[in-house]
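Trainee: The structure is given below, and queries will be raised subsequently.
The values are calculated or read from the model by the stated rules, or taken from the named source; none is laboratory data. Note that this is a predicted model, so its numbers are computed, not measured. Cβ placement follows ideal geometry from the backbone for every residue including glycine, while neighbour counts extend to all protein chains displayed. For accessibility, only protein heavy atoms count, side chains too; no ligands or nucleic acids. Shrake-Rupley method; radii C 1.70, N 1.55, O 1.52, S 1.80 Å.
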Amino acid sequence: MAQQRRVQLSTQRPTSTVCVLGTELSLDVCGSSPKDAIAFQVQGTPGVKLYVVHETQSVKLPSSMGRWPLAAGTEVLLTMDALSKDVGDEKVGAAGCCEDPALLRVVTSARSSLQVRISYYGEASGVPMGRAMLYLTCVEVSLDADTSRSGAVSRTLLDKETWTWGPDGHGAILLVNCDRDDPKAETPDNRDTAVRSYSDLKDMSQMVLRTRGPRTIFTGHRLVLHVDYSDADKVGVFYGGNSVALEEYQHVLGGSKLAYTVKPGRHHDESVFYVEGLAFPDVGFSGLVAFHVTLLESPEKGLLETPIFTDTVVFRVAPWIMTPNTSAPLEAFVCSVEGNEDFVAAVGALAEKAKCPLTICPLPENRNDRWIQDEVEFGYVQAPHKTFPVVFDSPRDRGLVDFPVKRILGPDFGYVARQAPEGASSLDSFGNLEVSPPVTAQGKEYPLGRILIGSSFPRFGGRRMAKAVKDFLLAQRVQAPVELFSDWLFVGHVDEFLSFVPAPDRQGFRLLLASPSACYQLFKEKQEEGFGEAAMFEGGLQKEPKPTINEVLADKGLRKFNNYVQ
């Protein structure tokens, strides 16, 4: 449905207004009628389409249509299908108030002005009791983004104010600009209000304001780009005018800046803005952000400006998407600590065989913390114009606390973190965060897989993942987290008892699941083969007890607990 605005008319003086292409004007014919008028006739110049709403029915008005009865609720609807070449002129238009329709046509032709004339009639009167003149200037104002997800901004018939998921959905996408394109910068790009490089601009989504029509109309009107207060801390908008020089790009919206007055160029119909996301979806933020452009009519001195048109476009901030370990590796990370030289060498040989770059975190950087799997998790963000990986930093913050920012964050490699104000537990380490490959479960498709996290379910009072981390994962929406009971383990991580591996059939993978029952069965077989006195952990853990297979099988309490876990 077209955006509609009501226009008050007068028989005492001509009225001038702006009509934005694609909108409707509702003319208040009853409010301006003389006291004893019972009928009216409406005429418009070429380029003006008129409709009469009478007794709740909208009827297209033929050019030869005569008079309409004045009744409560009667109104005239007006649309325009072509832009004005000049601004309507009231002084010249006043000559059109004469009674001769031919003169109206002459004046219109001479000045290319768009007009509507409403004549009022009394009972059995052939002469108008009064006339109301409306002078129109038609302009185009449109705020556009890549709502079709083609990788480029174009005009579209899609609804710009709604956003739908899926390959057949529509709606513009925004990336959190959480990488660091300038190596000299100390923080990610989403924490400053400057454009430091052209690479920084390429991470942002374009938003294009199109304005066409007589440029002089903007001397009496103001174009304002604005964002809702609730969204202002989630986005940043930069504008460089018609320049391509980096130093010309200014931060115009976001944070404390809620509105920006746009001055359309004399020779340019388009103003290109660059939009960055500052925050991922989370509690209290769905990820949807709306931008608006409003055309304001400048009032007489001392009065407030009047909004006469608003266009809106909605973006969704792209979620952080976790990658399954069944995907082909792009880079491997390993920590070098005291005594693990053989392990690092073996990982290096495997990485070389897989032609995968290997990053070794040395002892001075990891501070004897070898558990890099627990410190970070890798994912990515994606929009039609750009995709880049993003490392998720856990709240465990041990020896590797500085590694993600110092060694991973960089150009086209983003960073996000969540803290645990209540104090981090072992379940906040990211060995307790896994994701399945794409899967169909019970008839429902999960094209990006499902996140798996360990919890104390079903026993109450145990450890749980920090609320901030869990809320963040849930808010991304696209990988529907599943909680699994892992608190029975001393460390409590899901990766201690499950892992996904590629497979050539079925859904393309297998879930390897540790089984206490299978372990007992194996121990029983080894006992029957004469290995009952074999001790666990020999040559390994120095300070831990080393029970034999016979002792494990004889421990009824341990067996009962493992049956429960199974």
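Trainee: Give just the number: which of (1) in a loop (DSSP other than H, G, I, E, B); (2) at pLDDT 95 or above does Val224 not satisfy?
Mentor: (1)
Trainee: Another question, if that's okay. Looking at Leu448 and the list (1) under 25 Å from the mean Cα position of the chain (by Cα); (2) hydrophobic (A, V, I, L, M, F, W, C); (3) assigned to a strand (DSSP E or B), which single condition is not satisfied?
Mentor: (3)
Trainee: May I pose another question? List the number of the failed condition for Ala424; all other conditions in (1) at pLDDT below 95; (2) touching a strand residue (DSSP E or B) at 6+ places or on another chain (Cβ under 9 Å) hold.
Mentor: That leaves (2) as the condition not met.
Trainee: Say we look at segment 188-203 and pick out the residues that are among the basic types (Lys, Arg) and closer than 16 Å to Tyr249 by Cα; which of these is least open to solvent (accessible area, probe 1.4 Å)?
Mentor: Restricting to residues being among the basic types (Lys, Arg) and closer than 16 Å to Tyr249 by Cα, the top hit is Arg196.
Trainee: For segment 419-469, which positions are under 22 Å from Gly166 (Cα atoms) and either touching a Lys or Arg at 6+ places or on another chain (Cβ under 6 Å) or not assigned by the TED database to the domain that holds Asp374 (or both)?
Mentor: Ser436
Trainee: Residues of segment 5-50 being assigned to a strand (DSSP E or B), under 16 Å from Phe309 (Cα atoms), open to solvent by 30 Å² or more (accessible area, probe 1.4 Å) and touching a residue at least 60 places away in the same chain (Cβ under 8 Å), which ones?
Mentor: Passing the criteria: Arg5, Ser16.
Trainee: Being out of contact with any Leu (no Cβ under 9 Å at 6 or more places or on another chain) and outside any loop (DSSP other than H, G, I, E, B) is the filter here, so list the residues in segment 122-165 that pass it.
Mentor: Gly130, Arg131
Trainee: Considering segment 171-187 alone, what residues qualify as being at pLDDT 95 or above and either in a loop (DSSP other than H, G, I, E, B) or exposed (fewer than 11 other Cβ atoms within 10 Å of the Cβ) (or both)?
Mentor: If the condition is that a residue be at pLDDT 95 or above and either in a loop (DSSP other than H, G, I, E, B) or exposed (fewer than 11 other Cβ atoms within 10 Å of the Cβ) (or both), then Gly171, Leu175, Asn177, Cys178, Asp179, Arg180, Asp181 are the ones that fit.
Trainee: From (1) closer than 20 Å to Val381 by Cα; (2) in contact with a helix residue (DSSP H, G or I) (Cβ under 7 Å, 6 or more places away or on another chain); (3) in a loop (DSSP other than H, G, I, E, B), pick out the condition that doesn't hold for Glu434.
Mentor: (3)
Trainee: Evaluate the following for Ala480: is it surrounded by fewer than 21 Cβ atoms within 10 Å (Cβ to Cβ), modelled with pLDDT of 95 or more and within 28 Å of Thr164 (Cα to Cα)?
Mentor: Considered against the rule, which asks whether it is surrounded by fewer than 21 Cβ atoms within 10 Å (Cβ to Cβ), modelled with pLDDT of 95 or more and within 28 Å of Thr164 (Cα to Cα), Ala480 comes out as no.
Trainee: Give the residues of segment 373-411 that are open to solvent by 50 Å² or more (accessible area, probe 1.4 Å) and part of a loop (DSSP other than H, G, I, E, B), sorted by residue number.
Mentor: Scanning segment 373-411 gives Pro384, His385, Asp397, Arg398, Asp402, Pro411.
Trainee: Take the residues of segment 501-552 that are modelled with pLDDT under 95 and among the aromatic types (Phe, Trp, Tyr): which is most open to solvent (accessible area, probe 1.4 Å)?
Mentor: The selected residue is Phe537.
Trainee: Taking the stated definitions as given, is Thr359 of a type in the set (Val, Ile, Thr), surrounded by fewer than 16 Cβ atoms within 10 Å (Cβ to Cβ) and over 30 Å from Asp144 (Cβ atoms)?
Mentor: Answer is yes for this residue.
Every residue, every condition in (1) assigned by the TED database to the domain that holds Pro502; (2) over 26 Å from the mean Cα position of the chain (by Cα); (3) open to solvent by less than 10 Å² (accessible area, probe 1.4 Å); (4) in contact (Cβ under 8 Å) with a residue 24 or more places away in the chain, yes or no:
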residue	(1), (2), (3), (4)
Glu276	no, no, yes, yes
Val289	no, no, yes, yes
Pro307	no, yes, no, no
Val313	no, no, yes, yes
Ala328	yes, yes, no, no
Glu331	yes, yes, no, yes
Cys335	yes, yes, yes, yes
Asn340	yes, yes, no, yes
